[in-house]
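Reviewing the structure listed below.
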Amino acid sequence: MARRRSFGLCLVRAMLGLLVLGLALSALVVLALRWVDPPGSMMMLEARIEAWRADDARYRHRYHWVDMAQVSPYAARAVIAAEDQNFAMHPGFDFEAIRKAAEHNADGRAVRGASTISQQVAKNLFLWRGRSWLRKGLEAWFTVLIETLWPKARILEVYLNIAEFGHGIYGVEAAAQAYWKKSAKALTRSQAATLAAVLPNPRRYRAQPPSPYVQRRRDWILGQMPYVEMPAATGSATRAREAR
C-alpha cells in the first residue's frame, strides 16, 4: 500500500512538474514573439496540411509579414471597428460582449461570437481548429500571456499579419497584393473596410468582387471607423525592434 501511495505521489509530482514546465515554456515563447515576427501560425499550418491531404493543386499559400509602419492606418482602424471596438480598453476579454452574445444565443438565434482580437491572435497563432474545453482553456491562457507580455500595438500588428482574408491568404500585405495588386500601405479606406468585412468567414466571403453582404458590412464598418478608440503608440512594436 505504501509503495502504491508513493508511486501515485511521484506521478502527481511529475505531472505537475510537466505542467509548470509547459506553462513556463509557453510564456517564454510568447515573450520572444513580442520582438520576433512569427514565420507563420498554427492556422496556416493546418490549412496547408488540409490542402495536402485533399491533394488540392489549386491551393496557394500567401503570407508576407510587414511591420505596422508599412500598413495603411485605415486597415488597423477597420479591423478594430469590425471585430473588437473595445480593443484598446479591455484586458483581453470583453465581458460585456460575452454577456450580450450569451443572451443572443440563448434566444435560439444565429450563434454570435464574442472573441476579442487578442483571443483571435491566441487561437490563430498557437492553437488548432475545433471546439473543446481544453482548447478553450489554452486560448484563455495564451490570451492572458499576450495581454500581459505584449503592448496593444504589438497584438494589433500580429493580428493584421496573420488574419485570414481568403483561402490561403494571410495578412493585409498578401491580401492587398492578391485583390488589388498593391501594398498594404496603399490601401484606401474602402479597401481596408472591405478586407475587414470578410473576417467573420474569409473562406465564404470574398473581398474582390464583394458580394452584396460584404458591401453592406463594408459600409457599416466605414461608418464605425471614425469612432473607434485606437491603442496608444501604434508603431511602438516596430520601433522597439529597430532600436534593438
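No value in this document is a laboratory result; all are computed from the given coordinates. Since the structure is predicted, the reported quantities are computational estimates derived from the model, not experimental observations. Positions of Cβ are generated from backbone atoms using ideal geometry, with glycine treated the same way; all protein chains shown enter the neighbour counts.
Against the conditions (1) more than 22 Å from M42 (Cβ to Cβ); (2) buried (at least 22 other Cβ atoms within 10 Å of the Cβ), E173 satisfies every one except (1). Which ones in the range 176-207 are over 23 Å from A51 (Cβ atoms) and assigned to a helix (DSSP H, G or I)? Correct list: W180, A184, K185, A186, R189, S190, Q191, A192, A193, T194, A196, A197. Only helices (runs of 4 or more DSSP H) whose full extent lies in the range 1-98 are considered here, and the ones with at least 2 residues that are surrounded by fewer than 11 Cβ atoms within 10 Å (Cβ to Cβ) and within 24 Å of the chain's Cα centre (by Cα) are 2-32, 42-53.
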